[in-house]
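Coordinate-derived values only; no laboratory data. Quantities reported herein were computed from a predicted structural model and do not represent experimental measurements. No Cβ is skipped: glycine too gets one built from the backbone with ideal geometry, and neighbour counts run over all protein chains shown.
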Amino acid sequence: MTLQVILNSFASEVFRKQADYDYIAARMNYKMRLRQQFLWSGQQAVEKYLKSILLYNGKSARFFDDQGKKKEFGHNLILLNNEVNKISDLNYKLPNWSEEFILYLTELGGFNRYMTEISYSTPDGLHKLDELVWNIRKYCQYIPDRVLGHKNEIPKMKKSMINYINNKSHKDNPNKFKLIGGELEKILELPNQDPARKALVWANLYYGKNNKKIVKYRPMSCMEIPPQHRDWFTVETNKKIISDYVKL
């Protein structure tokens, strides 16, 4: 068994599959108006999707090179997204606002699980997560340039597949784009009353049996200031005492 076959197994079963579940969990958390849980689950989904892309392309999903030093990605979506961008023949494309939203998920989702920083949600958070996931997830598949197990490349095989992924027509009918073996695709085939399916298709412009142009839902917009950012915590003595009880 070749290394790429093994990496593909990890990419599909450990990363993409779990990312699909994290994405559904994020949407349900949003519907329940659980801001931090929405941000964390959304961050986890995007992190795993990006890591699966790296593995499908024979890249490490754990380490990156920082001026000759080997460092771990951790939960940093910015670093992961930059690494995916380096895969030149992938022609990886995301909406213009994506970098800002990826930074938002990184800082308030990945790095703020214990509310160490001021947190907030925006009315368009769910829609942006849906669009970001749809755009990233298209690349979460092995794009071969040859038949696995054979040495010789097949001319234009990989380029043809990438052109299909990036075809502008998919944006007009996003619900028709399918990944072979994807968990979201399997969940969409479940009965309408299945709880996971209901959470996936609720107010979703990108996943569902029908091509929706407009959805209606109650947006979540809120903000929270944790204790360590309140006035009384500016006193150094208070910081020292509390640090014996809570890691800040």
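Per residue of the range 102-112, in order, report the coupling 6.51 cos²θ - 1.76 cosθ + 1.60 (Karplus, θ = phi - 60°) as ³J(HN,Hα) in whole Hz, putting x for Gly and Pro.
My calculation for the range 102-112 gives 4, 4, 4, 5, 5, 6, 9, x, x, 9, 10 Hz in order.
Rank-order 20-33, 156-169, 113-126 by packing density, defined as the average count of other C-beta atoms within 10 Å over each peptide's residues, highest first.
Result, highest mean first: 20-33, 113-126, 156-169.
What does the convex hull of the alpha-carbon atoms of the range 1-52 project to on average, in nm²?
Taking a quarter of the hull surface, the average projection is 3.0 nm².
Give me the percent relative contact order of the range 107-244, please, defined on Cα pairs under 8 angstrom at least 6 residues apart.
33 percent
With an 8 Å Cα cut-off and a minimum separation of 6 or more residues, compute the relative contact order for the chain in percent.
Taking the mean separation of contacting Cα pairs over the length of the chain, I get 21 percent.
I'm a student and want to see the number: the projected area of the Cα convex hull of the chain, averaged over all directions, in nm².
Computed as one quarter of the Cα hull surface, the answer is 17.0 nm².
Provide the packing ranking of 9-19, 78-88, 93-103, i.e. peptides ordered by the mean count of other C-beta atoms within 10 Å per residue, highest first.
9-19, 78-88, 93-103
222 nm [θ] for the chain, helices only, -39500 (n - 2.57) per DSSP H run of 4+, per residue, to 500?
-13000 deg cm²/dmol
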